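Structure first, then comments.
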Amino acid sequence: MMGRAAAAQQPQPLGRERQERQVVVPSSSSEPVPEVRVAAGIATTLVFDAPIDRASVEVEGQRTRFRLVDVGERTLFLEPLVVPGDGERLGVRVRYKDGASPAYAVLALASHPTKVDTRVDIARMQRSPAALEAALARCEAGEPANLVLSGRLDRKGVRARPINITPNSQPQADMKQEEGTGYRAGTWALAVIRVHNLPGQQPWTVGEARFTRADGTPVRVVSVRMDRPQLAPGDVGLVVVETEVPYWAAGEVFRFELREKGGGRHLVIGAVEL
């Protein structure tokens, strides 16, 4: 666990802004540990994107620094008793049960003078195509074997390509694409991207997606889903778009656009290879 400084015992300032947001657990231990902002007497709930091993949960100072620590199947409920001091970071370490990478979520609890996180959604950053394909298989059909038995995965397998912003893209100033991957199998194709609703903006909800071939022909979209109902200001969400059965040649490039539900903010990604 992380080293800690002396705990501050003085009362905390009142009127902290309560926030809900998402943090991403890095795939490498060399990357910075995400911080969760906590305050004495205010509950914070961590919501994980997969079941966690309850017996593995480690919270630094659990017996002396917290009024309540409660572990659920996918949640960790924390109510600090003593505020972390200036520069102090209390470590949290949780192991996932699904065996996917990264196997552990490591976080740091810290104090902030004006803000406190009441709910934090914990997402894993899976960078390798193999890890992303495994996650897609679990999401699509419950288990990889079910994907095969359903007939949606043939001997051609899954082809994955990164989604890149191109010079002719027209992103909204208040929206940003973080990363993305295009997937293609024999009977389906997906575009998976992380969308960032920048701080200070209105909440954003995905409404529809559009794929257009180079000759202007539209491709039918089967479904558009996001990992949460709405993106609050500053939130990052995962959007998954499925198209009709691919009839085009592998590697063809499309214009890809995400439109806001009931609003005018949309994100033109540009060239997507499927």
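The values are calculated or read from the model by the stated rules, or taken from the named source; none is laboratory data. Because the structure is predicted, anything quoted here is derived from the model rather than measured. Here Cβ is always computed from backbone atoms with ideal geometry, including for glycine, and neighbour counts include all displayed protein chains. Accessible surface is based on the protein model in full, side chains and every heavy atom, while ligands, DNA and RNA are left aside. Shrake-Rupley method; radii C 1.70, N 1.55, O 1.52, S 1.80 Å.
Numbers for the structure displayed
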quantity	calculated
Any chance Ala250 is in contact with a strand residue (DSSP E or B) (Cβ under 9 Å, 6 or more places away or on another chain) and modelled with pLDDT under 85	yes
Residue that is farthest from Glu20 (Cα to Cα) [pool: residues in the range 98-127 that are in a strand (DSSP E or B) and open to solvent by 40 Å² or more (accessible area, probe 1.4 Å)]	Tyr104
Residue within the range 239-253 that is without any contact (Cβ under 8 Å) to a residue 24 or more places away in the chain, acidic (Asp, Glu), in a strand (DSSP E or B) and over 27 Å from Arg18 (Cα atoms) present	no
When residues of the range 228-266 are limited to those that are among the aliphatic types (A, V, I, L, M) and open to solvent by 40 Å² or more (accessible area, probe 1.4 Å), the one nearest to the chain's Cα centre (by Cα)	Leu238
Some residue of the range 225-246 being over 24 Å from Glu178 (Cβ atoms) and basic (Lys, Arg)	no
Scope the range 210-227; condition loosely packed, with under 15 Cβ neighbours inside 10 Å and either among the basic types (Lys, Arg) or part of a strand (DSSP E or B) (or both); matching residues	Thr212, Arg213, Pro218, Arg220, Val222, Ser223, Arg225
Residues that are of a type outside the set (Asp, Glu), in a strand (DSSP E or B) and surrounded by fewer than 17 Cβ atoms within 10 Å (Cβ to Cβ), drawn from the range 193-209	Gly207
Matching residues in the range 29-58 - criterion: being open to solvent by 40 Å² or more (accessible area, probe 1.4 Å) and assigned to a helix (DSSP H, G or I)	Arg54, Ala55
Any pair with Cβ under 7 angstrom, 6 or more apart, that starts in the range 96-120 at a residue that is more than 19 Å from Leu78 (Cα to Cα) and ends at one that is modelled with pLDDT under 90 and hydroxyl-bearing (Ser, Thr, Tyr)	Ser101/Ser27; Pro102/Ser27
Filter result for Glu73 (in a loop (DSSP other than H, G, I, E, B) and open to solvent by less than 10 Å² (accessible area, probe 1.4 Å))	no
Residue check, Glu178 over 14 Å from Val272 (Cβ atoms), at pLDDT 85 or above and in a strand (DSSP E or B)	no
